[in-house]
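**Q** Please read through the structure below; I'll follow up with questions.
The values are calculated or read from the model by the stated rules, or taken from the named source; none is laboratory data. Owing to the predicted nature of the structure, the values given are computational and were not obtained by experimental measurement. Using ideal geometry, Cβ is built from the backbone for each residue, glycine included, and neighbour counts are taken over all protein chains shown. Each accessible area value is taken on the protein alone, full model and side chains, heavy atoms only, with ligands, DNA and RNA left out. Shrake-Rupley method; radii C 1.70, N 1.55, O 1.52, S 1.80 Å.
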Amino acid sequence: MATIELAPYFHPTQIVLVDDDIDFLGNLSLQLDADLAYLLFDSTHKALSYLNGRQPNGAARDRFFKALQNGHGDSGDNHRESLELDIGALHREMQASDRFAQISVALVDYAMPQMNGLEFCRQIKDPHVKKILFTGVATESVAVDAFNHGIIDQYIRKHEHAVYDTLNQAIRQFQQAYIRDVFTAAADVFPVDLPGLLKEPAVARLIERLRTERGLVEYYLAIEPTGFVFADAAGQVKRLVIQSRDERAREAQRARAAGAPAPIVDGLAAGTLMLDPNSSVYHELDWSAHTARAAELGEAADDLRWSLFDMSCTTDCIQARPSYNEFLEWLDTVGYSLM
């Protein structure tokens, strides 16, 4: 599979925190960013049971790809299976009730009586879960060796300067890495041709900027028009449209055929305007009310332009249900019963 800059989807995931000192866990939970979903465990056995019992096996391939048959023969070397990204399945993920419950990061203390942190990490079944080891000064060399051997992904000393800033940053990076690794592992099983947007660094930077500036917590690749569907923590949806030169030319041609005013057609062709994706019946449009300014996507191939739109909710509108806020409320209510 070609190298990609971002996965075709992202949503928040769960963090598991494991330490035999319940007071330390309580203090730690107060230092985590408020929008992180986490569960606290002072028992390694309960934590492993919960973590290993919830991880899907090979689910990404089943959920997000469609198998195609290439070749001219019915069997043998001339018939080879390949995969196609299923855009409809990506959007159905927005209604998957358990999507936020996937566990992406385990933060584990090293010195625990039932088993030490490294033994715990070795028993995590999902190879994509990112493992952070909390250590003291005396066990730093053990942590370095574990990192070098791939048992853990990072170690953090409990008493280092700005430890909680380091931890929150690591968790966010690992949440994204988890989704990316799950996707690429599934895509690497068979040949798959992925959309060019996922290989474009400028698109990845735009996605991250919009998520940060607009409070958009999840996104999913979209087509017709090309771009992404975003959702904020309350489940409100926005549509990012990203157009190439060819796509701009086709949209301008459709608008001209539908009788759009010349300034609208010229703006669409030049990439200074973009048509609202909610507007499907061109001949009924109030053209000025259904276009928005488009911006250049700097340093991108093919002179890409973009614009962000609110999604109107009709009978078939896309909604993020349950929302991330609803999941956090549920976790606050029942989380202690899972520990």
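**Q** Determine, for the stretch 122-273, the count of lysine pairs separated by eight or more sequence positions (or lying on different chains) whose alpha-carbon distance falls under 25 Å. Could you put the intermediate results ahead of the total?
**A** Details: 130/158; 130/199; 131/158; 199/238.
Close lysine pairs found across the stretch 122-273: 4.
**Q** Restricting attention to the stretch 206-261, which chymotrypsin sites (Phe, Trp or Tyr not before Pro) occupy a DSSP loop and are surrounded by at most 10 other Cβ atoms within 10 Å? Let's see the in-between values first.
**A** Details: sites: 219, 220, 228, 230; in loops: none.
Taking the stretch 206-261 and a limit of 10 other Cβ atoms within 10 Å, no loop chymotrypsin sites (Phe, Trp or Tyr not before Pro) are found.
**Q** Just tell me, in residue order, which DSSP H segments of the chain are both 24 angstrom or longer along the helix axis (alpha-carbon based) and at least 1.0 in mean Kyte-Doolittle hydropathy.
**A** Details: long enough: 163-187 (35 Å, -0.07).
The answer is none, since no helix passes both cut-offs.
**Q** Another question, if that's okay. May I have the convex hull volume per residue, in Å³, for the Cα set of the stretch 191-327? Please list the in-between numbers first.
**A** Working: hull volume 17.9 nm³, N = 137.
Considering the Cα atoms of the stretch 191-327, their hull volume per residue is 131 Å³.
**Q** Residues with amide H under 5 Å of residue 152's amide H, sequence separation 5 or more or different chain, H placed in the peptide plane at 1.01 Å from N; which?
**A** Answer set, sorted by chain and number: 147.
**Q** Collect residues whose amide H, placed 1.01 Å from N in the peptide plane, falls under 5 Å from the amide H of residue 86; neighbours closer than 5 in sequence don't count.
**A** When sequence neighbours closer than 5 places are left aside, the close amide H contacts are 65, 66.
**Q** Moving to a separate point now. What's the ranking of 166-179, 24-37, 251-264 by average number of surrounding C-beta atoms within 10 Å, highest first? Kindly include the intermediate steps, with their values, before the conclusion.
**A** Numbers: 166-179: 18.1, 24-37: 14.1, 251-264: 15.9.
Going from most to least packed, we get 166-179, 251-264, 24-37.
**Q** Put +1 on the Cβ of every Lys and Arg and -1 on every Asp and Glu Cβ in the chain; which of 159, 10, 142 then has its Cα farthest towards the positive end of the dipole?
**A** 10
**Q** With charges only on Cβ, +1 for K and R and -1 for D and E, what is the dipole size of the chain about its Cα centre, in debye, rounded to 20?
**A** On the way: 31 positive and 49 negative charges, 73 e Å.
Once rounded to the nearest 20, the dipole reads 360 debye.
**Q** Let me ask something else. Rank 171, 186, 241 by how far each Cα sits towards the positive end of the charge dipole of the stretch 156-241 (+1 on Lys, Arg Cβ; -1 on Asp, Glu Cβ) and give me just the farthest.
**A** 171
**Q** Could you tell me which label, among (i) 27, 50, 21, 2; (ii) 26, 44, 22, 7, 1, 0; (iii) 34, 60, 6, 0, carries the value of P(r) over Cα pairs in 20 Å bins from 0, in percent calculated for this structure?
**A** (i)
**Q** With n ≥ 4 as the cut-off for DSSP H runs, can you work out [θ] at 222 nm for the chain, using -39500 (n - 2.57) per run divided by the number of residues, rounded to the nearest 500?
**A** Numbers: 11 runs with 124 residues, N = 339.
Value at 222 nm, helices only, nearest 500: -11000 deg cm²/dmol.
**Q** So with the 1.4 Å probe, I'd like the accessible area per residue for the stretch 79-153, rounded to whole Å².
**A** On the way: 3220 Å² over 75 residues.
That works out to 43 Å² per residue.
**Q** Same structure again: With every protein chain left in place, what is the accessible area per residue of the stretch 262-309 in square angstrom, probe 1.4 Å?
**A** Values: 2420 Å² over 48 residues.
Normalised by residue count, the accessible surface of the stretch 262-309 is 50 Å².
**Q** Tell me, what HN-Hα J-couplings in whole Hz come from the Karplus equation 6.51 cos²θ - 1.76 cosθ + 1.60 at θ = phi - 60° for each residue of the stretch 100-117, using x for Gly and Pro?
**A** 6, 7, 4, 9, 10, 9, 10, 9, 10, 6, 7, 8, 9, x, 6, 7, 6, x
**Q** Note down the magnitude of the dipole of the stretch 170-325 about its Cα centre, charges +1 on Lys and Arg C-beta and -1 on Asp and Glu C-beta and zero elsewhere, to the nearest 20 debye. Intermediate values should be presented prior to the final figure.
**A** Numbers: 17 positive and 22 negative charges, 52 e Å.
Rounded to the nearest 20 debye, it is 260 debye.
**Q** On to the next question. Taking H as built 1.01 Å from N, whose amide H comes closer than 5 Å to the amide H of residue 218, not counting residues under 5 places away?
**A** Residues meeting the amide H criterion: 231.
**Q** Over the chain, with every protein chain in place, what whole percent of the accessible area is carbon and sulfur at 1.4 Å, could you tell me? Walk me through the numbers before you get to the answer.
**A** Working: 7780 of 16480 Å².
So the carbon and sulfur contribution to the accessible surface is 47 percent.
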